[in-house]
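Chemist: Would you mind keeping the following structure in view while I ask a few things?
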Amino acid sequence: MGAPPGYRPSAWVHLLHQLPRADFQLRPVPSGFAPQEQEYQQALLLVVALAGLGLGLSLICIAVYLIRFCCCRPPEPPGSKSPTPGGGCVTWSCIVALLVGCTGIGIGFYGNSETSDGVSQLSSALLHANHTLSAIDHLVLETVERLGEAVRTELTTLEEVLEPRTELVAAARGARRQAEAVAQQLQGLAFWQGVPLSPLQVAEDVSFVEEYRWLAYVLLLLLELLVCLFTLLGLAKQSKWLVIVMTVMSLLVLVLSWGSMGLEAATAVGLSDFCSNPDPYILNLTQEETGLSSDILSYYFLCNQAVSNPFQQRLTLSQRALANIHSQLLGLEREAVPQFPSAQKPLLSLEETLNVTEGNFHQLVALLHCRGLHKDYGAALRGLCEDALEGLLFLLLFSLLSAGALAAALCSLPRAWALFPPRNPSVLCSGSRLSEPLLPAGLEPASPLRSFPGCRRRPH
């Protein structure tokens, strides 16, 4: 099958297409795109389930780590104020994890934009194809109506004027038959008329879904960005309540990241199966939805020399009929006008109608050629299988970085805020009092506690 112009399956398509697939019973599933088959649906759901398994394992690891941190710490000796070993390392590891998450957010914004560009290219191709099909229907309708009007008025008037000359009436009736034949042949060229599938409706549905998908990812990216920024702010300000709130929010974003990762992975795998060989599926689906013959669909989707134009016979017959009408009108103008001057006006009107019909016919020949619609088909595939798939892979990378960074941050944050100094003034007072050096009797130390309102010295 001939690939659309400018479209070739990318290396990512080949790589993802070669990945093994299995159903819920772990039986191998062919990698051909078959979304209507239950086994193939189970294979994609299993990809989503793997992301759910990763979420479960990460939550278990975080829970085990935090339980070990809270319950298995060695008791500190009374009055010990020495910092916990490795405290700075814990804080910096949390900061590095959050910075990696911010890098993933930038990758996510790029991937979201690339996916949106690919879907927009798909919608634009569908709209252009709809314009071409609508132009064909409009030209056919306009030409058939113009020929019918000419048959009902000008040719009828011409026959009445030329009634005394039988041979001239026969020539006029021959032009009538040819005009009716052209109208009949042209009506068969509007192949998309009455088809229930509308490219315009498909483009609107795709744009509607893409708008909400884009918005959902933007909100997810902004949510994670806010979590990272406020967590860094909490670490810098050593604010326990802010870090605790951001810890809970990080857990929520971690769940959302793993969920989006499953959807992105399943979509990328299914899209790679489709893009590896899209022609058979598109041909079968379009034939089921439209009821058009396989010859017409193969001509426009494949557009190669092996498939002939299914409208070539109609076009040839119409062109011959138009040439016959033109020669008959020239003959009538040459022979009838000197004898019947009143025949000149309908003849001139018929010639004008014939010129417009010939112009519409040449436009129809250009529109009915497979080049235009096949170019739209190739543009749609490039948008879906190149830009959109590349954007999905960047979104998948964002989800991986986000999940790893948030998991590391969730393990580090409790240890980090546990190292924050207490904010209670009474604790500060008692702590500073205990830290005062022993001075000789009668010498009063310069107390730093005056900077803390509410701190009073206790009598010895």
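The values are calculated or read from the model by the stated rules, or taken from the named source; none is laboratory data. Since the model is a prediction, treat every value here as computed from it, not as a measurement. Every residue, glycine among them, receives a Cβ derived from its backbone with ideal geometry; neighbour counts consider all protein chains shown. What goes into the accessible areas is simple: the full protein's heavy atoms, side chains included, and nothing from ligands, DNA or RNA. Shrake-Rupley method; radii C 1.70, N 1.55, O 1.52, S 1.80 Å.
Chemist: For the range 353-369, what are the residues that are open to solvent by 60 Å² or more (accessible area, probe 1.4 Å) and under 15 Å from Val144 (Cα atoms)?
Modeler: Asn355, His362, Gln363
Chemist: Exactly one of (1) out of contact with any helix residue (DSSP H, G or I) (no Cβ under 8 Å at 6 or more places or on another chain); (2) open to solvent by less than 60 Å² (accessible area, probe 1.4 Å) is unmet by Gly104. Its number?
Modeler: If we test Gly104 against (1) out of contact with any helix residue (DSSP H, G or I) (no Cβ under 8 Å at 6 or more places or on another chain); (2) open to solvent by less than 60 Å² (accessible area, probe 1.4 Å), just (1) comes out false.
Chemist: Take the residues in the range 323-352 that are of a type in the set (D, E, K, R) and in contact (Cβ under 8 Å) with a residue 12 or more places away in the chain, then tell me which one is least open to solvent (accessible area, probe 1.4 Å).
Modeler: Within the range 323-352, the subset of a type in the set (D, E, K, R) is 333-335, 345, 351-352.
Next, from what is left, pick out any that are in contact (Cβ under 8 Å) with a residue 12 or more places away in the chain: 333, 335, 351.
Details: Glu333: 68, Glu335: 92, Glu351: 42 Å².
That would be Glu351.
Chemist: Next question, about the same structure. Quick check on my filter: what residues within the range 373-392 are surrounded by fewer than 19 Cβ atoms within 10 Å (Cβ to Cβ) and of a type outside the set (D, E, K, R)?
Modeler: Scanning the range 373-392 gives a single hit, Gly378.
Chemist: Out of Arg314, Arg320, which single residue is touching a helix residue (DSSP H, G or I) at 6+ places or on another chain (Cβ under 6 Å), on the phi < 0 side of the Ramachandran plot and among the basic types (Lys, Arg)? Working first, answer last.
Modeler: On the way: Arg320 fails: touching a helix residue (DSSP H, G or I) at 6+ places or on another chain (Cβ under 6 Å).
On inspection, the qualifying residue turns out to be Arg314.
Chemist: If Val356 satisfies every condition in (1) closer than 30 Å to Pro196 by Cα; (2) among the β-branched types (Val, Ile, Thr); (3) in contact (Cβ under 8 Å) with a residue 40 or more places away in the chain; (4) out of contact with any Leu (no Cβ under 9 Å at 6 or more places or on another chain) but one, which is the exception?
Modeler: (1)
Chemist: Something else: Does the range 141-154 contain any residue that is open to solvent by 10 Å² or more (accessible area, probe 1.4 Å), in a helix (DSSP H, G or I) and over 21 Å from Ala175 (Cβ atoms)?
Modeler: Within the range 141-154, one or more residues are open to solvent by 10 Å² or more (accessible area, probe 1.4 Å), in a helix (DSSP H, G or I) and over 21 Å from Ala175 (Cβ atoms).
Condition check ((1) part of a loop (DSSP other than H, G, I, E, B); (2) at negative phi; (3) open to solvent by 30 Å² or more (accessible area, probe 1.4 Å); (4) in contact (Cβ under 8 Å) with a residue 60 or more places away in the chain) across all residues:
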position	(1), (2), (3), (4)
Trp241	no, yes, yes, no
Thr267	no, yes, yes, yes
Ser272	no, yes, no, yes
Cys275	no, yes, no, yes
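Chemist: Same structure again: Which of (1) assigned to a helix (DSSP H, G or I); (2) surrounded by 17 or more Cβ atoms within 10 Å (Cβ to Cβ) does Glu288 not meet, given it meets every other one?
Modeler: (2)
Chemist: Select the helices (runs of 4 or more DSSP H) contained entirely in the range 302-412, then report the ones holding at least 2 residues which are at pLDDT 90 or above and within 37 Å of the chain's Cα centre (by Cα). I'd like the intermediate steps shown before the answer.
Modeler: Numbers: elements: 312-336, 344-368, 370-382.
Passing ranges, in order: 344-368, 370-382.
Chemist: Could you tell me which of the residues Leu263, Leu222, Leu232 is farther than 21 Å from Val47 by Cα, open to solvent by 50 Å² or more (accessible area, probe 1.4 Å) and part of a helix (DSSP H, G or I)? Even if it seems obvious, please write down each step before you answer.
Modeler: Working: Leu263 fails: farther than 21 Å from Val47 by Cα; Leu232 fails: open to solvent by 50 Å² or more (accessible area, probe 1.4 Å).
Criteria check complete, one pass: Leu222.
Chemist: Being in contact (Cβ under 8 Å) with a residue 24 or more places away in the chain, surrounded by fewer than 18 Cβ atoms within 10 Å (Cβ to Cβ) and outside any loop (DSSP other than H, G, I, E, B) is the filter here; which residues of the range 16-45 pass it?
Modeler: Within the range 16-45, Ala22, Leu45 qualify.
Chemist: A further question on this structure: When you go through (1) touching a helix residue (DSSP H, G or I) at 6+ places or on another chain (Cβ under 7 Å); (2) at pLDDT 90 or above one by one for Ser293, which number turns out not to apply?
Modeler: (1)
Chemist: Of the conditions (1) under 30 Å from Phe394 (Cα atoms); (2) not in a helix (DSSP H, G or I), Phe191 clears all except one; give me its number.
Modeler: (1)
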